[in-house]
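Chemist: I am attaching a structure below and will ask some questions about it afterwards.
The values are calculated or read from the model by the stated rules, or taken from the named source; none is laboratory data. None of these values were measured; they are calculated from a predicted model. Cβ placement follows ideal geometry from the backbone for every residue including glycine, while neighbour counts extend to all protein chains displayed. Quick note on the areas: whole protein, heavy atoms, side chains included, nothing else; ligands and nucleic acids left out. Shrake-Rupley method; radii C 1.70, N 1.55, O 1.52, S 1.80 Å.
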There are 4 protein chains.
Amino acid sequence: MATLQKSIDKRNALIKATIELVNNNGFHATPMSKIAKMANVSPATIYLYFENKQDLVNQTYIEVKAKYTNYAFETYNENMPVEQGFELIWKRIAHFKLIECENAMFLAQCDNTPMIDETSRQEGIRHLQPLLDLWRRGRNEGIIKPISDFLLYAYSINPLSFLMMSEKRGAFKLDKTQLKEAYESAWSSIKVCE
Amino acid sequence: MATLQKSIDKRNALIKATIELVNNNGFHATPMSKIAKMANVSPATIYLYFENKQDLVNQTYIEVKAKYTNYAFETYNENMPVEQGFELIWKRIAHFKLIECENAMFLAQCDNTPMIDETSRQEGIRHLQPLLDLWRRGRNEGIIKPISDFLLYAYSINPLSFLMMSEKRGAFKLDKTQLKEAYESAWSSIKVCE
Amino acid sequence: MATLQKSIDKRNALIKATIELVNNNGFHATPMSKIAKMANVSPATIYLYFENKQDLVNQTYIEVKAKYTNYAFETYNENMPVEQGFELIWKRIAHFKLIECENAMFLAQCDNTPMIDETSRQEGIRHLQPLLDLWRRGRNEGIIKPISDFLLYAYSINPLSFLMMSEKRGAFKLDKTQLKEAYESAWSSIKVCE
Amino acid sequence: MATLQKSIDKRNALIKATIELVNNNGFHATPMSKIAKMANVSPATIYLYFENKQDLVNQTYIEVKAKYTNYAFETYNENMPVEQGFELIWKRIAHFKLIECENAMFLAQCDNTPMIDETSRQEGIRHLQPLLDLWRRGRNEGIIKPISDFLLYAYSINPLSFLMMSEKRGAFKLDKTQLKEAYESAWSSIKVCE
DNA sequence: AATGAATGAGTATTCATTCAT
DNA sequence: TATGAATGAATACTCATTCAT
């Protein structure tokens, strides 16, 4: 039991170290030895928990993605009105990107890279289902534009990644006002205009 | 002149090879030797044109970014009405992402990587000036929302990257109809609503 | 007793696993972990029975060598006439190489390797004494050529290893006829010709 | 040209180093780095000449085997009488094993090991053809026993390996007299007895 | 006695970069 | 300018061995 906990701790430490190092240096400049050092284990120990570097990164991705979506949908339930539900989820996502920026940056870096297996990517997408369901409902009720989920995601959710990364780079500050404006834009882009 | 031409050819071949290999394999997994082979030159030759790998990647980034913005603004002029100007630029950008997808994918992959220098990134951003100017004008005229350029960019331009990458992954098809819908969403998100 | 029995079982399992793995993969490419797995014990358990890998291999060698010579001399007794005695021993050895080919292959592989200690090798040779005694007797009686034991061994016994290995490789088949021919050659090479 | 020679020199130095180190320590305890050091090149240089460690060992084997058979048949021609031809070849082989003992030991160590590819082994065997042809002739003329080449080889040639290794181990000395005795035994074992 | 987790030292191999030509 | 050979430093990964339980 105690020993199981220790194992879990080590695995978590490895994943945490991977996130931090990949965020700072990129996948290509993140040697296993550094990950090991940062997680306070021997390099060989990594291979008790992960098959190889690729697997470590994929599993890290899946784990972070799960954390992200869990957070996003934690307080949401399917009976909420569409607009309220969307606003809730959007704000949770925005909040996650701001407070868990290590995790969010890691996901952003994974997004357009061949660093992640296609299967792991699919695995990550599956968790978004509640949002897709909400959109379907919204379309049926004539509240959400009758357009592809990809378009809805591209315009209402994805911009948050760009904003978060810009903020991380110090290019601008995402304060309360701007968050509100961002939400307005997100909602404008997908709601049906009268 | 002939000799200079030859040089430019080699430099271009190297940049082309870099784009293709990075697109297919990622920064990690793109060794200089492969770039050299694909460009039909010796590894040593790369160092006649670029200081090192970092420099090769950064210059490739800058070059592609320039191509991208040149294309975007090629038919635009500052006297156009705001909405018409925006639509023009937006469509040129969308078009670029679709027909020059090798280049567009490379830029997308560069977006969130520590692989690109901050200075090269700034250099890339500078070229966007005409769009920023257009937005300033739009805000002054009460046509564009009075919000940060980052927000405008995040909601009206950046989604195109996500859509292009999704298409490349075969997840969905960006046809004429959807491009129109995309434009609607982009414009909705930044225009001032009456 | 029960507990001691169990120990011997484990030791035997380890030795068996060592033989099999070394036969199939060679000394290099036979990690302790694989040996442990095949013997159904933990890697750490090996070190309760053997000092280290070197020791495991050497003890395996000695054990197999003992088995080999025990088999060779089991039905022999020192009062037999020389030729009859030699024929008996030769045939037992040949038989061993054919039916216990796992063991025989292992010994063959040990023959020319620096993997085996010189002391272990000596230990292995000691068991051949009855054959050497027989040869001495044969020389005294003018039946066996008055030449070094090494020569006698090289020509009358050692060829069996080559034949067995060739058969294992599928290069040729050692059937009854050929075994008889082999014996003829062996005896021709050491007997005194009139 | 000079540069080609240098390349050949390096390749040879690598092969020489491989032989020496494998002889002394075995394949499993011969790291590439040591081979490189002994050959006075960088570890990376090995990979310009050989695909990997396996390839290095296989090519070394083939090279040494070729040297061995070249030496064996150098002074032989197919018109010699059978017995004279065999004696010539046998003595060349014996001589090779004595003066080129580094090479001979290496071959001996390769003999019963999965260290060498089966294809490389076949390649090595092909070179023995002149001896096999001689034996065929001998059988036709009723001089050589009508038995398999494997048996002839096992009894007339292979024992030399055992004798050479025994001498290297210091167990006994193979002087002129004993060499003569060895030849007698070899010839006795394959010639047709009247 | 037995183990599975843990590890440090090592190993094959790669790669960005340089150098002699 | 151009190169192919060469390399030192790194890197992912392995393995014999140990240790806490």
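Chemist: Tell me, what is the FRET efficiency for D:Q122 and B:D55 to the nearest 0.05, using R0 = 45 angstrom and their Cβ-Cβ distance as r?
Modeler: Plugging the Cβ-Cβ distance into 1/(1 + (r/R0)^6) gives 0.35.
Chemist: Given N residues in chain D, what is its alpha carbon radius of gyration divided by 2.2 N^0.38 Å? Walk me through the numbers on the way to the answer.
Modeler: Values: Rg = 18.6 Å, N = 194, 2.2 N^0.38 = 16.3 Å.
Rounded to two decimals, the normalised Rg is 1.14.
Chemist: May I pose another question? Can you compute the charge dipole magnitude of the stretch A:135-194 about its Cα centre, using +1 on each Lys and Arg Cβ and -1 on each Asp and Glu Cβ, nothing else charged? Give it in debye, rounded to the nearest 20.
Modeler: 140
Chemist: Then there is this: So how exposed is A:C193, as accessible area in Å² (1.4 Å probe, rounded to 10)?
Modeler: 70
Chemist: Just the number please: accessible area per residue for chain C, 1.4 Å probe, all protein chains included, in Å².
Modeler: Values: 9190 Å² over 194 residues.
Here the per-residue accessible area is 47 Å².
Chemist: Follow-up question, since we're still on this one. Quote the Stokes-Einstein diffusion coefficient, in whole µm² s⁻¹, for the stretch A:1-50, based on the Kirkwood radius over alpha carbon pairs, a temperature of 4 °C and a viscosity of 1.567 mPa s. Working shown, then result.
Modeler: Values: Rh = 10.9 Å.
The estimated diffusion coefficient comes to 119 µm²/s.
Chemist: Once the Cβ-Cβ distance between D:L98 and D:T3 is put in as r, and R0 is 35 Å, what FRET efficiency do you end up with, to the nearest 0.05?
Modeler: Efficiency, from the Cβ-Cβ distance: 0.40.
Chemist: Just to confirm the numbers: D:R169, label point 7 angstrom along the Cα-Cβ line, distances to the other copies in nm, shortest first?
Modeler: Going from nearest to farthest copy, the values are 2.2, 6.4, 7.1 nm.
Chemist: Quick one: among D:N40, D:N58, D:N70, which has the greatest mean-square fluctuation in a GNM of chain D with alpha-carbon springs under 10 angstrom?
Modeler: Among D:N40, D:N58, D:N70, the largest GNM mean-square fluctuation belongs to D:N40.
Chemist: Find the Rg to Rh ratio for the protein assembly as shown, where Rh is the Kirkwood radius over alpha-carbon pairs and Rg uses the same atoms.
Modeler: On the Cα set of the protein assembly as shown, Rg over Rh gives 1.18.
Chemist: How long are the semi-axes of the equivalent ellipsoid of the stretch C:143-194, taking √(5λ) for every eigenvalue λ of the Cα gyration tensor, in whole Å from largest down? Show your work: numbers first, answer last.
Modeler: Working: eigenvalues 115, 34, 5 Å².
Equivalent-ellipsoid dimensions as semi-axes: 24, 13, 5 Å.
Chemist: Can you tell me the 0 to 90 degree angle between the C-alpha axis of helix D:129-140 and the longest principal axis of chain D, rounded to 10?
Modeler: Once rounded, one gets 10 degrees.
Chemist: What 222 nm value per residue comes from the helices of chain C, counting each DSSP H run with n ≥ 4 as -39,500 (n - 2.57) and dividing by all residues, nearest 500 deg cm²/dmol?
Modeler: It comes out at -23000 deg cm²/dmol, rounded to the nearest 500.
Chemist: Rg and Dmax of the stretch C:63-165 over Cα atoms: what are they, in angstrom?
Modeler: Looking at the stretch C:63-165, its Cα Rg and Dmax stand at 13.6, 40 Å.
Chemist: Here's another thing I want to ask about it. Between D:A72, D:A104, D:A154, find the one with the highest GNM mean-square fluctuation for chain D; connect C-alpha pairs within less than 10 Å.
Modeler: Top of the fluctuation ranking is D:A154.
Chemist: If you don't mind, there's one more thing I want to ask. Using a 7 Å offset from Cα along the direction of the beta-carbon, what are the separations from D:L48 to the same position in each other copy, nm, ascending?
Modeler: Spacings between copies for this position, smallest first, are 2.0, 4.3, 5.4 nm.
Chemist: Could you give, in nm with one decimal, how far B:C101 is from each other copy of that position, shortest first, with labels 7 Å out from Cα toward Cβ?
Modeler: B:C101 label point versus its equivalents elsewhere: 3.4, 5.7, 7.0 nm.
Chemist: With springs connecting C-alpha atoms under 10 Å apart, model chain C as a Gaussian network and identify which of C:R126, C:R92, C:R136 has the largest mean-square fluctuation.
Modeler: Maximum fluctuation in the GNM of chain C, among the listed residues, is at C:R126.
Chemist: Let me ask something additional. Tell me which GluC sites (Glu not before Pro) from the stretch C:22-94 have a DSSP coil assignment and no more than 11 other beta carbons within 10 Å of their own.
Modeler: In loop regions of the stretch C:22-94 (DSSP not H, G, I, E or B), the sparsely surrounded GluC sites (Glu not before Pro) are C:E51, C:E74, C:E78.
Chemist: Related question: Could you tell me the total accessible area buried at the B-A interface, probe 1.4 Å, in square angstrom to the nearest hundred?
Modeler: Interface between B and A: roughly 3500 Å².
Chemist: Let me ask you something else. What number, in percent, do you get for the relative contact order of chain D if the mean sequence gap of Cα pairs under 8 Å and at least 6 apart is divided by its residue count?
Modeler: Relative CO of chain D lands at 20 percent.
Chemist: Compute the length gained on full extension between C:K34 and C:E78: take 0.36 nm times their separation in residues and subtract their Cα-Cα distance, giving the result in nm to one decimal.
Modeler: Taking C:K34 through C:E78 to full extension adds about 11.5 nm, to one decimal.
Chemist: What is the helix-to-structure angle for A:159-168, meaning the angle in degrees between its Cα long axis and the longest Cα principal axis of chain A, kept from 0 to 90 and rounded to the nearest 10?
Modeler: 50
Chemist: Between A:N25 and A:L48, what FRET efficiency follows from the Cβ-Cβ distance if R0 is 25 Å, with the result rounded to 0.05?
Modeler: 0.55
Chemist: Once amide H atoms are built 1.01 Å from N in the peptide plane, which residues 5 or more positions from C:I144, or in another chain, come under 5 Å H to H?
Modeler: Long-range HN contacts for C:I144: C:R139, C:V192.
Chemist: While we're on this one: Partner chain Cβ atoms within 10 Å, averaged over the residues of B:158-171 - can you pull that number for me? Before the final figure, lay out the partial values.
Modeler: Values: counts 8, 11, 1, 5, 12, 7, 2, 3, 6, 1, 1, 3, 1, 6.
Across the residues of B:158-171, the mean count of other-chain Cβ atoms within 10 Å is 5.
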